[in-house]
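Here is the structure we will look at, set down as structure tokens.
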């Protein structure tokens, strides 16, 4: 019998209150009663949890270091990765404050990091699946440990796959993949059993529209990870099961649209932005029968959104900063952290239209508010409030070093929420 069960709740709360934050977060995960006591007595400082958006970690095709586009109030938790023992800092994934690099997992807020062991060979049946993405899963409210998924995507256009392989049912059951656990410090081959039907054959997955490599994101929501891979695969690491979820049907009608899987206020979201600047956003909802359904949340054309009116940069200085743009600004911003706005300059939609540049790129969703971010020609960042139909100018987001690059494309953009409780 657990002897702590004999203690009155107030006494146990006083004992737990003496623990440092990292130990308290670990204690919160021991059992349900401790979890309830920590929350009921508000022992854990919510400021230590990943509950606010600091900015976006952005990879550009020809830049070795990931750039950070952030709000000045987040400067105390600035995602500086220059302390890492490597010259190639390119972020693969982020989950609740932990950042996954090629061979490392790092918490920029605490400056703690750990190296990953060499990745194993592909599981049986996936030898020809050479295109891989690695995703990290971390929830400090559940466990102090993290996991990394080595996910092998279907090769573009099915390169290297024979006719027999292409006729296999897809996704298969079991679905094999390697998972690294910080608790065991090793990679393990795991099998995941499909719940529900397959979506067709492997050949069906090769039909257009095909997602671009930089669109294969994953998000964590309520203990499960959702991976975009021609469909959405919802994976439960705890139960060893997964479900294949079709994309919104309307996506098939917009072959050249940008697509993005993300997490926001109400769960898992999916967005498309086509060549005519039509923005559509769906929310994944759960039905009573255990199935999932995409509900259209937003359908609006960005050409209906005007630019800032009477914008004067001397009076209305945008709040957000690209880390590479002006290092000297750090010394001035540190003294001005008491900002009421989370973003920049707000201007409402008008009836008159504005012709946005064709090079509009979706950056990502706000994890806790129904806001989607995008850039125009990589020169300025914007935040668009889905409910209020309001747009915010976040300022210049073009890194200085990008001017020296031949390929100036934005490759990947991931929201970053600092966490002071991570490893």
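We did not get these values from a lab; they are worked out from the coordinates using the rules stated. In this text the structure is predicted, and so the values were computed from the model without any measurement. Quick reminder, even Gly has a Cβ in these numbers, built from the backbone with ideal geometry, and neighbours come from all protein chains shown.
Which ordering of 185, 417, 165 is given by a fewest-first count of other beta-carbon atoms within 10 Å?
Numbers: 185 11, 417 21, 165 14.
Lowest count first: 185, 165, 417.
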How big is segment 112-195 along each principal axis, measuring the range of its Cα positions in Å and listing the largest first? 46, 29, 18
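Using the number of other C-beta atoms within 10 angstrom as an exposure proxy, rank 230, 145 with the fewest first.
Least to most surrounded, the residues fall as 145, 230.
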Would you list 231, 138 from fewest to most Cβ contacts within 10 Å? 231, 138
